[in-house]
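Heads up, the thing below is written out as structure tokens.
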DNA sequence: ACTATTTTTTAGGTTAGTCTAAATATTATT
DNA sequence: AATAATATTTAGACTAACCTAAAAAATAGT
Ligand SMILES: [Mn+2]
Ligand SMILES: [Mn+2]
Ligand SMILES: [Mn+2]
Ligand SMILES: [Mn+2]
């Protein structure tokens, strides 16, 4: 299993969440920042190895084997993110890039010992669930802030976009996982929201609200 | 800097210790388990990048830049070995293979934070010194057990061969870093040694003695 | 000093992973 | 249903990192 193969599997896994159809080569190319023709090549190789199902022009989907392989990479990625944050004092906007490298280290023992060292965390620093060694993943009940009605009280439990830019914006606004948010009003014109967070009132655009996962309390 | 380039630099660095002449392509190929022709290719590329000095048929040596790069890889390798042993309960014969992968992770912040997390260790689990972030390396005063005269008392401070086979042999004989060893006798015929370790008497071959670093007390 | 052996380099080929440009299939529009 | 637009695949080419086999240089033996 090469790094490249692992990265393709991971991208296909992420794109598969939600959409029940085959994932298009264009979508994969877009996510991988590569070209559709490159994706076609790789997807054919993954199909030969039994990791994906692929028929020309039909898009691609993971086999059980392929899904498990992807989950083990996601597991490593998220465990390393926890390690970097909790043990090495990285901030939540710094962990992802390094985890992109660490996720490819091959040692089951390392992964399992790391998990134990971290005390079996169930979520990564961005609120995403960590698959266990069997590939089981906790289903978390969360919705986007943009989909909650005005008047509700919610708690921030995750981010959809985990880019440094967005995370640093949240830091600046003092919004973190666990923050209590009151939705005071929703503006019909642009779907912007007026919120109260830690007794501070603020307005956020729909784009912000559509990237924050919350649970209702 | 690719993994392959990094591995070549590391091998050239290790071979450079002791020998003041240029390192031959054959020696490198042997160490890398590759072919001399492949080494020639790579060495030419490294020379173009200013990491080694290379003249046809003359062997190769590291530039300051190349040496520093190699030292940073060795630094990461040894810090990760300490991490695996101290924090994740790996044994000293298990750490090397995983560190071979981890040494290639690129993040200065990660390396420095890891070093801090480990409380600035100066040696790895096999007694080898850990370069600091400037590439400075502590010169340790140690000699091979095979070079010490009979009658001396020494302390085991390192291993030359850190293969699992050798390390597991030492475990079985209850020899570890820090063990006090009395050299009772040396057999002229085969250079084997009779030792006392932890009040147990044993005989070891010259091959064993030539792979154990000790300091005299 | 000359020849034989060994070491090292060069020449040419392979595979993985990428790309661009062209061909083909699918989907949307009239 | 035919045509236009878009999506996808194929064809051919490139680079990095390796290889084998042949050529050339260095070293050793007489
Ligand atoms: Mn991440
Ligand atoms: Mn990756
Ligand atoms: Mn090692
Ligand atoms: Mn390596």
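Odds and ends about this structure:
- Among the candidates A:189, A:120, A:166, the residue that is more than 16 Å from DNA strand D (Cβ to nearest atom), without any contact (Cβ under 8 Å) to a residue 24 or more places away in the chain and under 22 Å from residue A:103 (Cβ atoms) is uniquely A:120.
- Residue within the stretch A:52-60 that is more than 16 Å from DNA strand D (Cβ to nearest atom), under 25 Å from residue A:23 (Cβ atoms), out of contact with any strand residue (DSSP E or B) (no Cβ under 9 Å at 6 or more places or on another chain) and at pLDDT 95 or above present: no
- The stretch B:127-159: number of residues that are within 16 Å of ligand 3 (Cβ to nearest atom) and in contact with a helix residue (DSSP H, G or I) (Cβ under 9 Å, 6 or more places away or on another chain): 6
- Counted residues, the stretch A:31-49 - those being outside any helix (DSSP H, G or I) and touching a helix residue (DSSP H, G or I) at 6+ places or on another chain (Cβ under 6 Å): 1
- When residues of the stretch A:49-69 are limited to those that are more than 10 Å from DNA strand C (Cβ to nearest atom) and farther than 23 Å from residue A:103 by Cβ, the one farthest from the other protein chains (Cβ to nearest Cβ): A:53
- If the condition is being surrounded by fewer than 15 Cβ atoms within 10 Å (Cβ to Cβ) and either away from DNA strand D (no atom under 11 Å from the Cβ) or outside any helix (DSSP H, G or I) (or both), then the stretch B:1-29 contributes B:1, B:2, B:14, B:17, B:18, B:19, B:20, B:21, B:26.
- Any hit, the stretch B:90-105, residues being more than 14 Å from the chain's Cα centre (by Cα) and modelled with pLDDT under 95: no
- Summed over the stretch A:92-124, residues that are crowded, with 17+ Cβ neighbours inside 10 Å, assigned to a loop (DSSP other than H, G, I, E, B) and within 10 Å of another protein chain (Cβ to nearest Cβ) total 4.
- When we screen A:139, A:160, A:87, A:49 for residues that are at pLDDT below 95 and out of contact with any strand residue (DSSP E or B) (no Cβ under 6 Å at 6 or more places or on another chain), the only hit is A:139.
The values are calculated or read from the model by the stated rules, or taken from the named source; none is laboratory data. Being a predicted model, the structure only gives us computed values, none of them experimental. Cβ: placed from backbone, ideal geometry, glycine included. Neighbour counts: every protein chain shown.
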